[in-house]
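Just below is one structure, and these are the notes that go with it.
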Amino acid sequence: MRGYFITFEGIEGSGKTTQIKLLVDYLHKRQLPYLTTREPGGTAIAEAIRKILLDPLCSEMLPETELLLYCASRAQHTGELILPALKAGKVVISDRYYDSTYAYQGAARALNYEVIDQLTAFATFNTTPDLTVLLDLPAEVGLGRIKDRNLDRLEQESISFHQKVRAQYLFIAKKHASRYLVLDAEKEADEIHQQIVQALKI
Ligand code: TMP
């Protein structure tokens with residue numbers, strides 16, 4: 001039996017971490033087997049790639065290099081962790097997956113979508129989430145929430161970069177409406193959590 005694959009997407013400061021925590025508490029209480037993970041990262045090799053990707057000192061990274069590294073991290077993460085967990089019947093929750101690549105490298109970095117299609121199919125072994133939760137909010141609000149942190153290489157990008165990311169997420173959500181749940185990330189965390197629980201098909 002295949003498990004159930006949930007991904008969370010959204011711009012910086014959209015509250016993914018809080019919602020994943022609430023969802024984990026919910027699954028734990030119901031004694032459902034689950035695995036939480038994140039992209040880029042999730043395995044030792046993918047976490048090493050994450051360090052390079054997010055390091056502000058890597059400011060010379062070309063968009064092409066960036067795309068390939070996100071996909072390299074995803075291939076390792078999917079093959080080593082996600083697919084075995086799904087095969088074992090677990091609920092897998094990933095903080096970001098390939099829709100991030102379409103939003104950040106496709107829309108914001110303006111890389112070719114056909115190249116991204118091919119790399120995504122390759123790096124995911126054609127794996128698709130069962131449910132994707134998009135926590136949507138204006139870029140100014142999201143960036144305002146994280147302004148006191150040490151910002152990583154992507155978080156340091158301009159407001160217009162993050163506006164492009166948000167717009168692309170909303171476009172993807174419309175295109176793949178059957179697997180998408182779009183929620184207003186400015187609402188109270190508990191209210192958002194209830195909406196997520198109602199959308200689960202487990
Ligand atoms: P986060 O774990 O704090 O969300 O950081 C991951 C950063 O990497 C975030 O800025 C989004 C970005 N990202 C991409 O640009 N492309 C991708 O494919 C993924 C998974 C993340």
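The values are calculated or read from the model by the stated rules, or taken from the named source; none is laboratory data. Predicted model only: the values in this text are computed from it and were never measured. In this analysis, Cβ positions are derived from the backbone assuming ideal geometry, glycine residues included, and neighbour counts consider all displayed protein chains. Keep in mind that these areas ignore ligands, DNA and RNA; they rest on the heavy atoms of the full protein, side chains included. Shrake-Rupley method; radii C 1.70, N 1.55, O 1.52, S 1.80 Å.
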Check your understanding: Quick check: is even one residue across the range 123-130 among the small types (Gly, Ala, Ser), within 16 Å of Arg38 (Cβ to Cβ) and either away from the ligand (no atom under 12 Å from the Cβ) or modelled with pLDDT of 95 or more (or both)?
Key -> yes
Check your understanding: Restricting attention to the range 73-86, does a residue exist that is open to solvent by less than 30 Å² (accessible area, probe 1.4 Å), within 14 Å of the ligand (Cβ to nearest atom) and outside any helix (DSSP H, G or I)?
Key -> no
Review point. If you check every pair at least six apart or on different chains, which have Cβ atoms under 6 Å apart with a residue in the range 38-59 that is within 24 Å of Ile20 (Cα to Cα) and in a helix (DSSP H, G or I) first and a residue that is at pLDDT 95 or above and of a type in the set (A, V, I, L, M) second?
Key: Ile49/Leu69; Ile49/Ala72; Leu53/Leu69
Exercise for review: Check whether at least one residue in the range 173-189 is closer than 16 Å to Ala108 by Cα and not β-branched (Val, Ile, Thr), and report yes or no.
Suggested key: no
Exercise for review: Specify which of the listed residues (Val91, Val133, Val141, Val115) is in contact with a helix residue (DSSP H, G or I) (Cβ under 8 Å, 6 or more places away or on another chain), over 28 Å from Tyr34 (Cα atoms) and away from the ligand (no atom under 13 Å from the Cβ).
Suggested key: Val115
Check your understanding: Can we say Lys29 is within 16 Å of the ligand (Cβ to nearest atom) and among the basic types (Lys, Arg)?
Key -> no
Point to revise | Residues satisfying the stated conditions in the range 1-44, i.e. closer than 22 Å to Tyr102 by Cα and of a type in the set (Gly, Ala, Ser) | key: Gly10, Gly13, Ser14, Gly15, Gly41, Gly42
Check your understanding: Do we find that Leu200 is over 25 Å from Lys51 (Cα atoms) and open to solvent by less than 30 Å² (accessible area, probe 1.4 Å) in this structure?
Key -> yes
**Study point:** Failed condition for Leu143, given (1) within 30 Å of Lys29 (Cβ to Cβ); (2) touching a His at 6+ places or on another chain (Cβ under 8 Å)
**Key:** (1)
Review point. For the range 94-110, how many residues meet the condition of being within 7 Å of the ligand (Cβ to nearest atom) and either of a type in the set (Val, Ile, Thr) or surrounded by fewer than 21 Cβ atoms within 10 Å (Cβ to Cβ) (or both)?
Key: 2
Check your understanding: Hey, among Leu181, Leu151, Leu119, Leu143, which residue is in contact (Cβ under 8 Å) with a residue 12 or more places away in the chain, of a type outside the set (Asp, Glu), open to solvent by less than 70 Å² (accessible area, probe 1.4 Å) and in a loop (DSSP other than H, G, I, E, B)?
Key -> Leu151
Point to revise | Selection within the range 1-26 - assigned to a helix (DSSP H, G or I) and within 12 Å of the ligand (Cβ to nearest atom) | key: Lys16, Thr17, Ile20
Point to revise | Conditions (1) assigned to a helix (DSSP H, G or I); (2) within 12 Å of the ligand (Cβ to nearest atom); (3) under 30 Å from Gln194 (Cβ atoms); (4) not charged (D, E, K, R): number failed by Leu68 | key: (3)
**Study point:** Selection count, the range 122-140, where residues are open to solvent by 40 Å² or more (accessible area, probe 1.4 Å) and assigned to a helix (DSSP H, G or I)
**Key:** 2
